[in-house]
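Report on the following structure.
The values are calculated or read from the model by the stated rules, or taken from the named source; none is laboratory data. Just so you know, these numbers come straight off a predicted model, no measurement behind them. Here the Cβ is made from the backbone with ideal geometry for all residues, glycine too, and neighbour counts use every protein chain on show. The protein model used for the area step is the full one, side chains on, heavy atoms only, and it has no ligands, DNA or RNA in it. Shrake-Rupley method; radii C 1.70, N 1.55, O 1.52, S 1.80 Å.
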Amino acid sequence: MAVDVLLGLQWGDEGKGKIVDYLADRYQLVCRFQGGPNAGHTIWIDGKKTVLHTIPSGIFHDHMINVIGNGVVIDPVTLIKEIDALVASGNDVIGRLHIAKKAHLILPTHRLLDMASEASKGADKIGSTLRGIGPCYMDKTGRNGLRVGDVLSATFDQKYISLRDKHLRLLKQYPEIAHDLSGDEDKWFEAIERMRSLNLIDAEYFLYDHLKAGHNILAEGAQGVMLDIDFGTYPFVTSSNTISSGVCSGLGIPPTAIRDVIGVSKAYCTRVGSGPFPSELLGEDGEKLRTAGHEFGSTTGRPRRCGWIDLPQLKYAVMITGTTHIALTKLDVLNAFEIISAVNEYQLDEATTQQLPFDLMEEITGVVTSQHQGWMQDIVVDSFEDLPKEVKSYIQFLEKELSLPISYVSIGPGRDELLVR
Ligand code: GDP
Ligand code: IMO
Ligand code: MG
């Protein structure tokens, strides 16, 4: 029995969904532990694309139990839509999906508050997905939130009205945020009614029993280390702990149960939304990465900002998360680059450093890069040994820098386009 963790080492969208789907066969359970429908985890199976926002990426394996943990914030409408789409395409979801009663609910007014917050920040906005994530977590820590288990209470409607009215009072300060809640509320309550018939569980006991029975759990992260509320590029972050500790608080699992931490990183780097991004490429190379990597947000469709892989950033992410294995994704996106760069150090005013300063935006004045020979060919191989020598050399360089094995190398979006060492 063990809990392994899979999380993003950069600013999200590293390809977590694809790797979870691949690894799922080794586990009995896959559990989301934080975030909400701001996440978009893409899985390609037999040429069909699915983007999961709330449901764990183990759902396509028939044996697999999928748990949405207490650390997740759930938009009932998004959840039900996702379930219906999966059922319509022939997946048995209902019996295998379990939802923690302690997970918090996103209300329609949380989304309005998200809009209001972003509008009031003007040019300094976070670039939120506007899914109500921040306001929902604020109600959680402010001890005002509604939880999944509340839907079974006779006083649920009153609890809802009380929180909604509090939000409406706040929204009076933002007359520019127009709202007509009636349609949204109807849909929300329909979704709540559907949720009542799902498997709503005391997830901490449920997971404890599975571990006692010798079952293995994969904890699936959303977002990435640099979007962590404590250790990310604050305030340009999301509102949850995306790092390994989030597994303990987001599932009720003791730290001693955790075995491996699989950190997922692109072979380059992207970020969507505002905030510092030291290795960002604003010119031709950035555009080339965006086009080759189809770098448009899975949740919002926004173009992702693109740059080279950033080693000080990755070393920091590895340090904070205790990563034991790396999954390197989207290597194929670099196929047409003659030279591939990597950021080795940051320039500060007077010095260079490999450490992330307190304020990346204010303190970093430039980057020091190393150059690596590209392979200038498509990667069509079945094993790591058969990779072109320039690819191997780039991978070995990263392994040496990060002092970690790159155990998985992804060379395309499909399920089978993965080399395992
Ligand atoms: P996640 O949020 O970490 O699960 O990642 P997303 O699904 O938001 O974004 C990753 C994108 O890259 C998706 O469109 C995937 O289908 C795609 N993808 C994943 N791995 C690879 C890969 O190795 N090569 C290419 N070309 N695309 C990949
Ligand atoms: P996955 O799980 C990439 C970003 C948003 C914004 C900031 C805050 O697919 O990797 P929020 O909606 O939480 O208020 O947004 O975080 N962000 C993500 N970027 N991938 C994600 O999830 C993200 N979830 C949030 O763009 O900059
Ligand atoms: Mg994503």
Quick one: which of 94, 99, 65 is on the phi < 0 side of the Ramachandran plot and open to solvent by less than 10 Å² (accessible area, probe 1.4 Å)? 99
Please determine whether any residue of segment 358-371 is open to solvent by less than 20 Å² (accessible area, probe 1.4 Å) and β-branched (Val, Ile, Thr). no
From the list 179, 167, 215, exactly one residue is surrounded by 15 or more Cβ atoms within 10 Å (Cβ to Cβ) and modelled with pLDDT under 95. Which is it? 179
Just give me the residues in segment 262-295 being surrounded by 23 or more Cβ atoms within 10 Å (Cβ to Cβ) and assigned to a strand (DSSP E or B), in sequence order. 262, 263, 264, 265, 266, 269, 270, 271
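Which is farther than 25 Å from residue 255 by Cβ, small (Gly, Ala, Ser), out of contact with any helix residue (DSSP H, G or I) (no Cβ under 6 Å at 6 or more places or on another chain) and within 16 Å of ligand 3 (Cβ to nearest atom), of 35, 40, 47?
The conditions single out 40.
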So is residue 312 part of a loop (DSSP other than H, G, I, E, B), out of contact with any Lys or Arg (no Cβ under 9 Å at 6 or more places or on another chain), more than 16 Å from ligand 1 (Cβ to nearest atom) and open to solvent by less than 20 Å² (accessible area, probe 1.4 Å) or not? no
For segment 14-28, how many residues meet the condition of being away from ligand 1 (no atom under 13 Å from the Cβ) and acidic (Asp, Glu)? 1
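Can you tell me which residue in segment 209-232 is farthest from ligand 2 (Cβ to nearest atom), limited to those that are in a strand (DSSP E or B) and in contact with a Leu (Cβ under 7 Å, 6 or more places away or on another chain)? Talk me through it step by step, then tell me what you get.
Taking segment 209-232 as the starting set, the residues that turn out to be in a strand (DSSP E or B) are 216-220.
Pick out the ones that are also in contact with a Leu (Cβ under 7 Å, 6 or more places away or on another chain) and you get 217-220.
Values: 217: 19, 218: 15, 219: 13, 220: 9 Å.
If we take residues in segment 209-232 being in a strand (DSSP E or B) and in contact with a Leu (Cβ under 7 Å, 6 or more places away or on another chain), then 217 is farthest from ligand 2 (Cβ to nearest atom).
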Among the residues that make up segment 66-79, is at least one of them over 27 Å from residue 316 (Cα atoms) and modelled with pLDDT under 95? no
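If you scan segment 363-399, which residues turn out to be among the charged types (D, E, K, R) and within 26 Å of the chain's Cα centre (by Cα)?
Pass one, segment 363-399, residues among the charged types (D, E, K, R): 363, 378, 382, 385-386, 389-390, 392, 399.
If the condition is that a residue be among the charged types (D, E, K, R) and within 26 Å of the chain's Cα centre (by Cα), then 399 is the only one that fits.
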Identity of the residue in segment 29-59, within 12 Å of ligand 1 (Cβ to nearest atom) and hydrophobic (A, V, I, L, M, F, W, C), that ends up most open to solvent (accessible area, probe 1.4 Å): 44
